[in-house]
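Below is one structure; the comments refer to it alone.
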Amino acid sequence: MNKLFVITIILLSFGSILFAQELKLPSNPLDGRIVFEEKGCIVCHSISGYGGTKGPDLAREQYYGSFLELASIIWNHIPAMNRKFRELHIKRPRFSEKEMQDLIFFIYYLRYLGEPGSVSNGKKLLSSKGCTNCHKIAGHGSNIAPDFTELGEYSSPLYMAQIMWNHGPSMQKRMKELNIPYPVLTGDNLNDITAYIRQVSSVSTELRMSPGNPLNGKLIFENKGCTNCHQVSGGKKKTGPNLSELNLNKSVTEIAAQMWDHSPTMIEYMQEKSLTYPMFKGNEMADLIAYLYFLGFEDPPGDPSKGETVFEEKGCITCHDGGAGPDLTKIKPFNSRIQILQRMWNHASKMEDLLLIQNNKWPQLTTEEIRNLYAYLTSIIQKK
């Protein structure tokens with residue numbers, strides 16, 4: 001694994017330290033691609049086949065979960081990464097706070113982008129899901145609804161998800177009239193169907209949305225009235241599920257498909273309560289889904305008292321209690337989780353050297369241990 005991952009871990013781990021602090025959402029999570037390449041992460045790690053092979057392909061390996069779920073993986077592999085740096089004669093990179101922030105958002109976002117679809121499977125799905133009961137494609141199907149072949153310019157998964165959502169009420173009404181079962185979709189289904197539509201489309205151009213701006217998505221979530229039914233943190237329980245408690249750390253098409261599958265229930269409820277059905281235009285659907293995806297970025301707060309136990313049992317106290325390492329009660333407070341991650345990454349090599357001199361092993365940490373440990377560290381620093 002690469003330093004890139006170490007970064008993530010530390011950030012993740014320290015993310016829990018700031019108990020009630022709201023996550024700072026990125027405007028463009030893909031900005032970190034530049035850091036990924038300039039800092040040499042790409043020497044060991046590839047993205048969808050582009051880059052090195054010493055570490056896993058970060059776009060293909062399933063590194064799901066929150067900061068702290070990734071944190072334990074990254075932390076536990078720091079010694080192996082450091083050995084690889086030495087073996088390849090690569091200078092271990094240092095990061096500024098901004099570089100660290102961009103890199104972490106980029107790594108976390110890779111899972112969101114999803115995988116390309118299967119044309120052959122998409123053709124089968126249009127029939128098995130009942131789409132051709134209303135739509136025609138490549139000369140086959142019904143003329144009740146628009147011909148998919150002529151809608152190829154809107155065949156990117158995100159555009160298709162937005163169009164399906166906007167036409168949800170009218171589509172569902174028509175399906176009830178024709179006694180057609182409502183099609184349940186997965187993210188892979190949506191990828192496959194749009195891949196087939198693009199393949200047979202008679203349109204020479206294709207419109208695509210940007211991957212999504214989580215900051216804009218938060219505003220859309222509020223302005224479109226999603227907060228009437230859903231909450232994303234604590235507070236009074238609402239009719240719909242608390243979205244921060246759902247598993248939305250999925251690809252963009254998986255989230256879009258989940259919204260589609262639940263739209264009949266949502267439409268029925270909104271009609272009963274005379275709520276306005278939200279319509280999306282431009283890049284709004286992509287931005288909203290990006291925001292929902294980043295709800296999985298945070299972790300629940302750790303337990304400082306349990307973290308103190310971890311601090312002692314894992315040997316941290318050996319160096320950080322007036323010994324070889326700094327007294328953590330006297331260091332400068334952290335302004336953000338990114339800053340914590342930056343400091344830890346930049347000093348990890350020195351930490352490993354000290355452990356080797358003392359003939360001590362690098363402490364292996366579980367997600368829960370990291371969460372509690374850093375909750376403890378933050379609490380004692382804040383007491384200064």
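The values are calculated or read from the model by the stated rules, or taken from the named source; none is laboratory data. Just so it is clear, the structure is predicted and the values come from calculations on it, not from any experiment. Glycine also receives a Cβ, built like all others from the backbone with ideal geometry; neighbour counts cover every protein chain displayed.
Values computed for the structure shown
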{"read-out": "Count of region 162-191 residues which are under 16 Å from His135 (Cβ atoms) and in contact (Cβ under 8 Å) with a residue 60 or more places away in the chain", "value": "8"}
{"read-out": "Tyr291 being among the hydroxyl-bearing types (Ser, Thr, Tyr), surrounded by 17 or more Cβ atoms within 10 Å (Cβ to Cβ), assigned by TED's automatic domain parsing to the domain that holds Leu248 and closer than 30 Å to Lys238 by Cβ", "value": "yes"}
{"read-out": "Filter result for Gly51 (farther than 27 Å from Ile380 by Cα, buried (at least 19 other Cβ atoms within 10 Å of the Cβ) and either at pLDDT 85 or above or not assigned by TED's automatic domain parsing to the domain that holds Pro214 (or both))", "value": "yes"}
{"read-out": "Selection within region 108-141 - within 15 Å of Ser201 (Cα to Cα) and among the basic types (Lys, Arg)", "value": "Lys123, Lys136"}
{"read-out": "Candidates Glu37, Glu61, filtered to the one that is surrounded by fewer than 18 Cβ atoms within 10 Å (Cβ to Cβ), under 22 Å from the mean Cα position of the chain (by Cα) and at pLDDT 90 or above", "value": "Glu37"}
{"read-out": "Check on Leu125, buried (at least 16 other Cβ atoms within 10 Å of the Cβ), assigned by TED's automatic domain parsing to the domain that holds Glu284, at pLDDT 90 or above and in a helix (DSSP H, G or I)", "value": "yes"}
{"read-out": "Boolean, Thr276 is of a type in the set (S, T, N, Q) and either crowded, with 21+ Cβ neighbours inside 10 Å or assigned by TED's automatic domain parsing to the domain that holds Leu68 (or both)", "value": "no"}
{"read-out": "Residues of region 229-268 satisfying the condition of being under 21 Å from Asn166 (Cα atoms), over 18 Å from the mean Cα position of the chain (by Cα) and surrounded by 15 or more Cβ atoms within 10 Å (Cβ to Cβ)", "value": "Cys229, His230, Gly240, Trp260, Ser263, Pro264, Met266, Ile267"}
{"read-out": "Positions within region 294-320 being within 23 Å of Gln231 (Cα to Cα) and surrounded by fewer than 19 Cβ atoms within 10 Å (Cβ to Cβ), in sequence order", "value": "Pro300, Pro301"}
{"read-out": "Lone qualifier among Leu292, Leu356, Leu377 - being free of Cβ contacts under 8 Å to residues at least 24 places away in the same chain and either part of a helix (DSSP H, G or I) or under 15 Å from Leu68 (Cβ atoms) (or both)", "value": "Leu356"}
{"read-out": "Test: residue in region 299-312 that is outside any loop (DSSP other than H, G, I, E, B), in contact with a Gly (Cβ under 7 Å, 6 or more places away or on another chain), within 20 Å of Leu355 (Cβ to Cβ) and not polar (S, T, N, Q)", "value": "no"}
